[in-house]
Amino acid sequence: PGGSVGAQLNHPVFSPDGRAVAFLSNAEGPESLFVMDLASGAERVLAAAAVAGPRFDFESVRLVSGLTAHEAVAALEACLDARLVDGDGTSYRFHGGLVQDAIYEGLDAGRRAALHAAISGARQITQTRRLDISQGRHRDE
């Protein structure tokens, strides 16, 4: 869909293989059903991001998704193109609270718990890396 200001995106539902998402949107006028193809891995990125919270950083979500940097960038770009998430150059956020809520609620309890634990660990790793870089240290020293 286009990008009208104030447009709502509601009730995203992923295909069983995670390669497409269907949702309702009023971005092009009256609310309509849209189906968008996503890059492979987009569902994993969105699931990790939904657990991370309304704002999330790329590296933590990438680590949790298990994707390579290249795969995660392609997946995130697909999510940006689909207007499921927005970025400001340093972090990302869900386009609307309903998107995050729908994805989060769609996760079974076991996967949700595992993702919470993984996000916590990934945040510790990324914070340590940032601290090391800010202090001029490198991981392989």
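The values are calculated or read from the model by the stated rules, or taken from the named source; none is laboratory data. Quantities reported herein were computed from a predicted structural model and do not represent experimental measurements. Backbone-built Cβ (ideal geometry, glycine too); neighbour counts: all protein chains shown. Only protein heavy atoms, including side chains, enter the accessible area calculation; ligands, DNA and RNA are left aside. Shrake-Rupley method; radii C 1.70, N 1.55, O 1.52, S 1.80 Å.
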Please work out which residue is most open to solvent (accessible area, probe 1.4 Å), limiting yourself to the stretch 35-72 and to residues that are assigned to a helix (DSSP H, G or I) and in contact with a strand residue (DSSP E or B) (Cβ under 6 Å, 6 or more places away or on another chain). Glu43
Thr90: open to solvent by 80 Å² or more (accessible area, probe 1.4 Å) and more than 24 Å from Val13 (Cβ to Cβ), yes or no? yes
Say we look at the stretch 12-28 and pick out the residues that are open to solvent by less than 30 Å² (accessible area, probe 1.4 Å) and more than 17 Å from the chain's Cα centre (by Cα); which of these is modelled with the lowest pLDDT? Ala27
Restricted to the stretch 98-109, and to residues that are of a type outside the set (A, V, I, L, M), part of a helix (DSSP H, G or I) and open to solvent by 50 Å² or more (accessible area, probe 1.4 Å), which residue is modelled with the highest pLDDT? Tyr104
Filter the stretch 77-87 for residues that are open to solvent by 10 Å² or more (accessible area, probe 1.4 Å) and assigned to a helix (DSSP H, G or I) and give the result. Glu77, Ala78, Leu80, Asp81
If you check Ala69 against the conditions, is it within 17 Å of Gly18 (Cβ to Cβ) and either at pLDDT 95 or above or of a type outside the set (D, E, K, R) (or both)? no
